[in-house]
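K.L.:
A single structure is presented below for examination.
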Amino acid sequence: MTMLREDQPQVGAGVETLSMAAALNRALADELAADDRVVVFGEDIGALGGVFRITDGLTARFGEKRCFDTPIAEAGIVGSAVGMAMNGLRPVVEMQFDAFAYPAFEQVVSHVAKMGNRTRGAVRLPIVIRIPYAGGIGGVEHHCDSSEAYYVHTPGLTVVAPSNPQDAYSLLREAIRFPDPVIFLEPKKLYWAKGSVDVSSTATIGSAQVVREGTDATLIAYGTSVPIALEAADAAAAEGRSLQVVDLRTLSPFDDATVDAAVRSTGRAVVIAEAPGFASMASEVAARISERCFSWLEAPVRRVTGFDIPYAPPKLEHFYLPDVDRVLDAVDSLYWED
Amino acid sequence: MPDRTLLPRNVPVQLIDAAGTEHPDEVYPTASPAVLTEGYRSLVISRRVNDQCYSLVRQGRLAVYPSSQGQEACQVAAVSVLDDGDWLFPTYRDSVAVMLRGVAPADAMTLLKGDWHCGYNPHEFRVAPQSTPLATQLLHAVGFAHAAVLKGEPTVVVALCGEGATSEGDFHEAMNFAAVFHLPVVFFVQNNRFAISVPLSRQSAAESLAHKAVGYGMPGEQVDGNDLAALLAVLGSAVDRARAGGGPSLVEAHTYRMQAHTNADDDTRYRDSAEVQEWVARDPLVRLRSYLRGKDALDDTTEAAFAAEADEVAATLRTALNADIAPDAAELFRHVYATSTPQLEEQWASLQGELERSAEGTTP
């Protein structure tokens, strides 16, 4: 598959091939080393290194004061992160799975998101809440939710979802340095996918990226749906249709400029996301494009999303997940003149 | 054998009873008359603030006021035991404690006036924003104390909540985190008997709320919440213990909410006035005044000076809240993020357009 990336790392000094899990681990280690105020904590993240091993080796390297296990209590983890950030630290906390982050929801919505506004900027909360999200790993109930809509709907939160090891590394480092709280959604089914990572490469929170050029239609994706979009673009190319792919990378605040420019260049758009489609991130993207790019559109904006059902059990999840065929079907329905 | 020393006493600690008579205690010393006279001064000001705010609601100058009338001894004690660098994590009912910590009365009332959410800089006064959700601030207090320990700073944190908040999950998680990480936090529960209309008996079946502490592995103590001397001794001891590295503790103060929950509440629907009258007789000001008068520590001149000072605070509050200063709509967008977003800029521009058209008298 072709990846057109301005910051595509070239093999050379500082460039390594890493899985997304290893890239995230490297980002945590590099920030722990760079800034004494950074602390990492959560459930099973110490000796075990996290259930996905994202924090592997960090306690051994940086000590119990910098990376430690807590009681199993998500509101406790996020609520104490609020207090720590008020007292000058930069907490990075791990929620073990998407659906296990819900007990922390009140702390996230009522305090993490609002403290800066509540105090007229006197108390900013530089907290990163890492959440492994979405399915495709054969996980049982409560382990595969795409919960991004809850967070993007909340003013004050910055929500990021990388789709490849380079962005995972660069965006996590940027998130830890960010002055405001960041919900960092990690597509768990892509944890083991490898890619080259240039540790000197930086990313900007708030910027989407055109990851494949194309002229006929624009596919807009993030997190788990980016590889699907790229695969669909490959398949379409074989049939003579040129699809552009945009990786949102940051879900909120939204990069209207990049998305508008991309859609206006092709005149057709399909938004792809794994979450249920009703009142979702995909809905918001489609609405924004319809409002902002109406004069350029040759067809209604289509969404390819999960069904409006609770996440499917492991043996049924292949029915649920958006795939290349559904994307291509949506593309076929975009009022082509030929 | 379980550690019985963590258990609270069966009867709340009391040093000065409702009649103003002292009952010396072998563990908790009664503060000197000079200290208690200073405390009485704060009680007088606190009561005056509560009365004034009650009037300001009736005059439409405050949107709402959850009064701490009857709980003034708790408000004064919670602040008196703090060092300058310590932090207080208050609730919406603790506006008086916020003022006693140095926040200007008008700034402390910003939330309840409705001009903004938190009207003071928490770092300037070492007072967290008043929490409206229940018990959530206890976890912030715990995290704050955890950071202090990690940084090697001697900060002690006093976290306030009511008896209703002890039913919340965050209360449990905060107590547990504080105990597991051995943090310098004093959890101070003002048990004022009612969570809006629901009585204590519907919140907890425990022998006392202070008994909950033992389950977390921290000491609990219960104290007469209308006895300033007892509160200073018990909270002071808990703060000393926390500062010395002894970890967290839980203090339950038995007090009473003399007013309805807020002006919007009708307490005649759920409690007898006879019960309220019983608590009038246990008023924290009356007993301390009686005690200090008996010790010849409080004369007419001093009392008059305290009353005059309280009137001055009330006048400041009135003047500030009677001033009609229109809040700035730009603030709605300014603080959401450290760096604004194009979307918020666009929305602010749109609101500005509306405001300009409306100022010109044209309809959009």
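Every read-out reported here was derived from the displayed coordinates using simple, explicitly stated rules and does not represent laboratory data. Note that the structure is a prediction, hence the values are computed from the model and not measured. Backbone-built Cβ (ideal geometry, glycine too); neighbour counts: all protein chains shown.
K.L.:
Among rounded, prolate and oblate, which fits segment B:210-364 when a ≥ b ≥ c are the square roots of the eigenvalues of its C-alpha gyration tensor, a/c under 1.5 means rounded, and a/b larger than b/c means prolate? If you can, show how the numbers build up before the last one.
P.N.:
Working: a/c = 2.33, a/b = 1.69, b/c = 1.37.
Prolate shape, in that a/c is at least 1.5 and a/b is the bigger ratio.
K.L.:
Quick one: among B:Asp328, B:Asp240, B:Asp115, which has the greatest mean-square fluctuation in a GNM of chain B with alpha-carbon springs under 10 angstrom?
P.N.:
B:Asp328
K.L.:
Per the Kirkwood definition applied to all pairs of different Cα atoms, how many angstroms is the hydrodynamic radius of chain A?
P.N.:
Roughly 20.2 Å, rounded to one decimal.
K.L.:
Related question: With a ≥ b ≥ c the root eigenvalues of the C-alpha gyration tensor of segment A:156-229, is it rounded (a/c under 1.5), prolate (a/b larger than b/c) or oblate?
P.N.:
Values: a/c = 1.64, a/b = 1.41, b/c = 1.16.
It is prolate, given that a/c is not under 1.5 and a/b is the larger ratio.
K.L.:
A follow-up question, please. Report the Stokes-Einstein translational diffusion coefficient (µm² s⁻¹, integer) for segment A:52-132, Rh taken as the Kirkwood radius over Cα pairs, at 37 °C with viscosity 0.692 mPa s.
P.N.:
Details: Rh = 13.3 Å.
It diffuses with D of about 246 µm²/s by this estimate.
K.L.:
In a Gaussian network model over chain B where Cα atoms closer than 10 Å are linked, find which of B:Val198, B:Val127, B:Val251 has the largest mean-square fluctuation.
P.N.:
B:Val198
K.L.:
What's the Kirkwood radius of segment A:209-332 in Å, using all Cα pairs? Mind dumping the intermediate values first?
P.N.:
Numbers: mean 1/r = 0.0700 Å⁻¹.
It works out to 14.3 Å.
K.L.:
List every residue whose amide H lies under 5 Å from the amide H of B:Tyr92, counting only residues 5 or more places away in sequence or on a different chain, with H placed 1.01 Å from N in the peptide plane.
P.N.:
Amide H to amide H, under 5 Å and 5 or more residues apart or across chains, B:Tyr92 pairs with B:Ser131.
K.L.:
For the pair B:Asn10 and A:Lys65, what calculated FRET efficiency results from E = 1/(1 + (r/R0)^6), where r is the Cβ-Cβ distance and R0 = 45 Å, to the nearest 0.05? Let's see the in-between values first.
P.N.:
Values: r = 40 Å, r/R0 = 0.89.
After rounding to 0.05, the efficiency reads 0.65.
K.L.:
Now for a separate question. Can you tell me which of B:Arg47, B:Arg334, B:Arg282 moves the most in a GNM of chain B? Springs connect C-alpha atoms under 10 Å apart.
P.N.:
B:Arg334
K.L.:
So how do A:236-245, B:200-209, A:112-121, B:60-69 stack up, highest first, on mean other-Cβ count within 10 Å? Mind showing how you got there, number by number?
P.N.:
Numbers: A:236-245: 17.3, B:200-209: 15.3, A:112-121: 22.1, B:60-69: 19.9.
Peptide ranking by packing, descending: A:112-121, B:60-69, A:236-245, B:200-209.
K.L.:
What are the residues whose amide H is under 5 Å from the amide H of A:Arg303, where those residues sit 5 or more places off or on another chain and H is modelled from the backbone?
P.N.:
Hits under the 5 Å cutoff: A:Val271.
K.L.:
I would also like to ask the following. Calculate the dipole size of the protein assembly as shown relative to its Cα centre from +1 charges on Lys and Arg beta carbons and -1 charges on Asp and Glu beta carbons; express the result in debye to the nearest 20. Intermediate results must be reported in sequence, preceding the final value.
P.N.:
Details: 57 positive and 93 negative charges, 158 e Å.
I would put it at about 760 debye.
K.L.:
One quarter of the convex hull surface, Cα atoms only: what value does that give for segment A:100-212 in nm²?
P.N.:
Numbers: hull surface 32.0 nm².
Taking the Cα atoms of segment A:100-212, their convex hull projects to 8.0 nm² on average.
K.L.:
Assuming a ≥ b ≥ c are the square roots of the Cα gyration tensor eigenvalues, decide whether the protein assembly as shown counts as rounded (a/c under 1.5), prolate (otherwise, with a/b larger than b/c) or oblate.
P.N.:
On the way: a/c = 2.62, a/b = 1.87, b/c = 1.40.
Cα axes put the protein assembly as shown in the prolate bin.
K.L.:
Just the number, please: percent antiparallel of the DSSP beta bridges in chain A, rounded to the nearest 5. Before the final figure, lay out each step's value.
P.N.:
Values: 10 of 42 bridges.
That works out to approximately 25 percent antiparallel.
K.L.:
Taking the Cα atoms only, what angle lies between the long axis of helix A:256-266 and the longest principal axis of chain A, rounded to 10 degrees?
P.N.:
Its long axis makes an angle of about 20 degrees.
K.L.:
Quick one: which residues, 5 or more positions from A:Ser252 or on another chain, have an amide H under 5 Å from its amide H? H modelled 1.01 Å from N in the peptide plane, none for Pro or chain starts.
P.N.:
A:Val159
K.L.:
Also: Can you give the FRET efficiency to the nearest 0.05 for B:Ile196 and A:Val15, using r as the Cβ-Cβ distance and R₀ = 35 Å? List each step's numbers first, then the result.
P.N.:
Numbers: r = 61 Å, r/R0 = 1.75.
So the FRET efficiency works out to roughly 0.05.
K.L.:
I would also like to ask the following. So what is Rg over Rh here for chain B, counting just Cα atoms and using Kirkwood for Rh? Display every interim value, and only then the final one.
P.N.:
Details: Rg = 21.8 Å, Rh = 21.7 Å.
On the Cα set of chain B, Rg over Rh gives 1.01.
K.L.:
Compute the helix-to-body angle for B:228-243: its Cα long axis versus the longest principal axis of chain B, expressed 0 to 90° and rounded to tens.
P.N.:
80
K.L.:
Please average, across the residues of A:124-131, the number of beta carbons from any other chain that are within 10 Å of each residue's own beta carbon, and give a whole number. Don't skip to the answer; put the middle values down first.
P.N.:
On the way: counts 3, 0, 1, 1, 0, 0, 0, 0.
For this peptide, the per-residue mean of nearby foreign Cβ atoms is 1.
K.L.:
Positive end of the charge dipole of chain B (Lys, Arg +1 and Asp, Glu -1 on Cβ, about the Cα centre): tell me which of B:Asn191, B:Ser201, B:Leu15 has its Cα farthest that way.
P.N.:
Working it through, the farthest residue towards the positive pole turns out to be B:Ser201.
K.L.:
What is segment A:19-198's relative contact order, in percent, from Cα pairs under 8 angstrom and six or more apart in sequence? Walk me through the intermediate numbers first.
P.N.:
On the way: 375 pairs, mean separation 45.5, N = 180.
Computed value for segment A:19-198: 25 percent relative contact order.
K.L.:
Divide, for segment B:2-124, the radius of gyration over alpha carbons by 2.2 N^0.38 Å, where N is the residue count.
P.N.:
Details: Rg = 17.1 Å, N = 123, 2.2 N^0.38 = 13.7 Å.
That works out to 1.25 for segment B:2-124.
K.L.:
Also, I was wondering about something else. Once the Cα atoms of segment B:238-280 are picked out, what are the Rg and Dmax in Å?
P.N.:
17.2, 47
K.L.:
What number comes out for the charge environment of B:Leu62, summing +1 per Lys or Arg and -1 per Asp or Glu over other residues with Cβ under 12 Å away? Don't skip to the answer; put the middle values down first.
P.N.:
Details: positive: B:Arg58, B:Arg61, B:Lys113, B:Arg318; negative: B:Asp115.
Net local charge, B:Leu62 excluded: +3.
K.L.:
Taking Rh as the Kirkwood radius computed over C-alpha pairs, what is the Stokes-Einstein D of segment A:19-198 at 25 °C in a medium of viscosity 0.890 mPa s, expressed in µm² per second? Could you put the intermediate results ahead of the total?
P.N.:
On the way: Rh = 15.9 Å.
Once the numbers are plugged in, D ends up at 154 µm²/s.
K.L.:
A follow-up question, please. Looking only at segment B:123-164, which residues have a backbone nitrogen under 18 Å from a spot 7 Å from the Cα of B:Tyr270 in the C-beta direction?
P.N.:
B:132-135, B:161-164
K.L.:
What do you get for the angle between helix B:33-58 and the principal long axis of chain B? Use alpha-carbon atoms, 0 to 90 degrees, nearest ten.
P.N.:
In chain B, helix B:33-58 runs at an angle near 40 degrees to the longest axis.
K.L.:
Given +1 on the Cβ of Lys and Arg, -1 on the Cβ of Asp and Glu, and no further charges, what dipole in debye does segment B:4-322 carry about its Cα centre, rounded to the nearest 20? Walk me through the intermediate numbers first.
P.N.:
Values: 26 positive and 39 negative charges, 102 e Å.
Charge dipole, segment B:4-322, about its Cα centre: 480 debye, nearest 20.
K.L.:
While we're here: Computed over the Cα atoms of segment B:282-364, what is the ratio Rg over Rh, Rh following Kirkwood? List each step's numbers first, then the result.
P.N.:
Numbers: Rg = 25.6 Å, Rh = 18.2 Å.
That ratio is 1.41, to two decimals.
K.L.:
Next question, about the same structure. In Å and from the alpha-carbon atoms only, list the Rg and Dmax of segment B:36-104.
P.N.:
Rg, Dmax (Cα atoms, Å): 12.2, 37.
K.L.:
Note down the nm distance, to one decimal, between modelled labels 7 Å out along Cα→Cβ at B:Thr302 and at A:Asp329.
P.N.:
The modelled label-to-label distance comes out at 8.5 nm.
K.L.:
Using R₀ = 22 Å, calculate the FRET efficiency as 1/(1 + (r/R₀)^6) where r is the Cβ-Cβ separation of B:Asp84 and B:Ser32; round to 0.05. Write out the running numbers ahead of the final one.
P.N.:
Values: r = 21 Å, r/R0 = 0.96.
Approximately 0.55, to the nearest 0.05.
K.L.:
In sequence order, what are the phi-derived ³J(HN,Hα) couplings for segment A:312-325 according to the Karplus relation 6.51 cos²θ - 1.76 cosθ + 1.60 with θ = phi - 60°, rounded to whole Hz, with x for glycine and proline?
P.N.:
6, x, x, 7, 10, 5, 5, 6, 7, 5, x, 9, 4, 4
K.L.:
Please report, in debye to the nearest 20, how large the charge dipole of segment A:47-166 is about its Cα centre when each Lys and Arg carries +1 at its beta carbon and each Asp and Glu carries -1 there. It would help to have the intermediate numbers written out before the result.
P.N.:
On the way: 10 positive and 10 negative charges, 143 e Å.
Magnitude of the dipole: close to 680 debye.
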